[in-house]
Amino acid sequence: MKKYILPLLFLAAFSTTKAQLADSCKLQFGTNLAGITDYMTEMPFVDLMHNCRTWFSQSIDDPNHPFNSGFADSLSYRADGYPTHMPQIVSSSIYRQKISTIWGNTSGWPTGTYTVLYDGTGSLYTLGMNNIQFVNAHKFTFDFTTSGNVAIGIDSSLASDPVHNIRVLMPGSEATYLTQPFNPLWLSKFTQVFKSVRFMDWGYTNGWGQSDPYDWDDSSLFSWADRAQMNHYTWADTKGVPYEMMIKLMNTYKLDGWACVPHRANNNYIQNMAILFRDSLSSNRKLYVEYSNETWNWIFGQAQWLNKYGCTNKSIIWPEGTVPYVQNCLNIWTNMFSGQLNRLERVAAVQTGWQDVSNRVCYNLTKGSFDAVGLTYYFALNEKGDSVMDSLGSKCTVADVAHWARNEMPNIFSFMQSQKKEIADSLHVKIAFYEGGHHLTPIPFGVMPTYCQALLDVQRDTAMYNMYNEWFDRIRTLQSGNEPLQLMNFSFVSDLNCQYGSWGILETLNQNLITTPAPKWQAILKNQNTHCSGSIGLISMPNIIDGIQIYPNPTTDNIKITSSTNLKNVSYFVANPIGQVLLSGNLDGNENVVSLAGYAVGIYFVQVDGKTYKVVKE
């Protein structure tokens, strides 16, 4: 057997024609991106104002000093969301008001010196910023070394030249943030594995345009002028990230995408959204388009809104009353992409576990108006398993969680098979998975389980890696023809949480896979169709990366690690796909021999001087 030493960074695309894909080529993974919030740890942008919390107000000279005086909605603002002036007076308060924003979780922030820039005449105040150094009237720096709340606000702002365009820039990004707005660490992580992204949470699709997630009782629609704007002070609001930024990400880094149309978008909005993607997106990029997200899911505002205005108010039964909204959206995108439909995958998304509702949606859509039925690919616990593990409490183990997850897999998979047979095969459309992974959460969702620790422990355990592989083996049997199944992982980076779900395949962007295993990440990496036509593939490449050379390539049992610089006392690790360290030690000088003899066929990782190299043993 031979072992191929391949740096993770050097995955590239190639294309050939094949009538039937091999098993290793049948799954193609993209990922959902995290919603933009002030407490996020995914950190996609170098300008952190993009994910600051929406303004809250504070009363000046109030002796009680409330954190939030509650008058933000009563103040006057410019179109970009900045106040017209500061301070302001409201009739319901004796105190003048100023505004502030905050980042409630900074654990994902890199340490170093940050730069704050702003335009206009006025003054800012800060919280949680250390060693502030003022450069000029519109620029200061601060040091960030540890997590904690960080806040910035506007004390004064001249009405004729108001403060606006505040930027809070990550270390080293001041000279490049306009041309390179994305966090390099974030980019390097997800482009190692994924070649497509779903923008559902980036676009704040669930409850889009609602200031209150439970206040959906408004029939008004939004026009194109109401969309998210590039110059708005934050994208962590009810409109999300501008489409222009989504398109820039796709074009610059050669990614396919999945866009969700807001449920309250009027025809003018939908038409212009389609035109923007059509005319701005590179012609060789594929775009999936879907009306809203999970319009059947009653926890989301769009489901409640569609039920009232599409069904109840029109005396049409649910879900049939929702279909005209989906159909209208599909028709507009079809018309706007006339002659270019090869660039588009029009998706009719359904509830995987409710075949009757899926049929009543898809069979009431115009045949030929959609290209794929959208499903989820989650495996989950069932009520019996949840009950048994709740009775075990702190005695519940990872093995118990894995047992009950596996117990439910056949049932969930039967739903997926049924959807394929009843809709995709019958209507001659594809299946595409808009979300998926594990859904190991308590029942009902959101309660605090007594077996919390086991739900946390399984996230780093070999059992999770094995379950993912077993699940992917089942899903692989649904593929037919010469295109891989598209699976959009949910999600990319997030903290562990036993109550609401540990969704991220990474816990942090800078997670060291040697010391903190990431079995979900490794399973997707293993199953991504990297050897296949029409997607990411492995190609010949130099062995020298950043001065470090690992060779021969291919090799037999031993590898040599050399460098143009002295590697004496530099540590190395060899780990398996779930992050378990198999070999470790210190290198000795410029040339070093590491034996891989005796290890099974599979994927390994060699880490040298902070750089990780993929080892494929075949």
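Structural remarks
- Estimated dipole of the chain in Debye, rounded to 20 [Cβ of Lys and Arg +1, of Asp and Glu -1, Cα centre]: 1620
- Hull-based mean projected area of the chain, where the convex hull spans the alpha carbons, in square nanometres: 31.3
- Applying 1/(1 + (r/R0)^6) with r as the Cβ-Cβ distance of Thr113 and Leu185 and R0 = 22 angstrom yields a FRET efficiency of 0.85.
- Applying a DSSP loop filter and a limit of 12 other Cβ atoms within 10 Å to the chymotrypsin sites (Phe, Trp or Tyr not before Pro) in the stretch 358-462 leaves Phe445.
- Pairs of Cα atoms farther than 12 Å apart, the stretch 75-125, %: 76
- Projecting the Cα positions of Ala225, Pro184, Phe142 onto the charge dipole of the stretch 87-237 (unit charges on Cβ atoms of Lys, Arg, Asp and Glu, taken about the Cα centre) puts Pro184 furthest along the positive direction.
- Within straight-line cross-link reach of Lys26, aspartates and glutamates at Cα separation under 13 Å, skipping those fewer than 8 residues along the same chain: Asp473, Glu483
- For Ser76 and Ser571, the difference between the fully extended length at 0.36 nm per residue and the C-alpha to C-alpha distance is 172.4 nm.
- Charge dipole (the chain, unit charges on Cβ, about Cα centre) - positive-most of Gln327, Leu249, Gln486: Gln486
- On the basis of the beta-carbon distance and an R0 of 41 Å, Gln417 and Gln271 show a calculated FRET efficiency of 0.65.
- Of the chymotrypsin sites (Phe, Trp or Tyr not before Pro) in the stretch 223-319, those whose Cβ has at most 16 other Cβ within 10 Å and which sit in DSSP loop: Tyr253, Trp298
- Carbon and sulfur %, accessible surface of the stretch 151-264 computed with the full protein complex present, 1.4 Å: 50
- Cβ-derived FRET efficiency at R0 51 Å, Asn342 paired with Leu158, nearest 0.05: 0.45
- Share of carbon and sulfur in the accessible area of the stretch 388-515 stands at 52%, probe radius 1.4 Å.
- Per-selection Rg to Rh, the stretch 291-401 - Cα, Kirkwood hydrodynamic radius: 1.14
- Pairs over the 28 Å Cα-Cα cut-off, from the set Lys189/Lys286; Lys195/Lys614; Lys308/Lys367; Lys308/Lys420; Lys239/Lys308; Lys189/Lys248: Lys308/Lys420.
- Peptides 83-92, 464-473 ranked from most to least packed, by the mean per-residue count of other Cβ atoms within 10 Å: 464-473, 83-92.
- The simple spin-label model puts a point 7 Å past each Cα toward its Cβ; for Ser595 and Tyr125 those points are separated by 6.8 nm.
- The chain - share of DSSP beta bridges that are antiparallel (%, nearest 5): 65
- The residues of the stretch 432-518 expose on average 34 square angstrom of accessible surface per residue, using a 1.4 Å probe on protein heavy atoms.
- Residue-normalised accessible area of the stretch 302-371, expressed per residue, 1.4 Å probe, Å²: 41
- Only Cα pairs under 8 Å and 6+ residues apart enter the sum, and on that basis the relative contact order of the stretch 197-299 stands at 36 percent.
- The Cα-based radius of gyration and maximum Cα-Cα distance (Dmax) for the stretch 385-443 are 15.7, 49 Å.
- Peptides 452-460, 144-152 ordered by packing proxy, namely the average of other Cβ atoms within 10 Å per residue, highest first: 452-460, 144-152.
- Eligible aspartates and glutamates near Lys520 by straight Cα distance, threshold 14 Å, same-chain separation 8 or greater: Asp457, Asp461, Glu470, Asp495, Glu507
- The stretch between Glu383 and Phe134, if pulled fully straight at 0.36 nm per residue, gains 83.8 nm over its current Cα-Cα span.
- Ordering of 124-130, 496-502 by packing [mean C-beta count within 10 Å, highest first]: 496-502, 124-130
- Cross-link reach list, aspartates and glutamates versus Lys98, counting only Cα pairs under 13 Å and skipping chain neighbours closer than eight places: Asp61, Asp62, Asp73, Asp155
- Most positive-pole-ward Cα, Gly385, Asn466, Ser69, against dipole of the chain from beta carbon charges: Asn466
The values are calculated or read from the model by the stated rules, or taken from the named source; none is laboratory data. Since the structure is predicted, the reported quantities are computational estimates derived from the model, not experimental observations. Methodologically, a virtual Cβ is constructed for each residue, glycine included, from the backbone with ideal geometry; neighbour enumeration extends over all protein chains shown. These area figures cover heavy atoms from the full protein model, side chains too; ligands, DNA and RNA do not enter into them. Shrake-Rupley method; radii C 1.70, N 1.55, O 1.52, S 1.80 Å.
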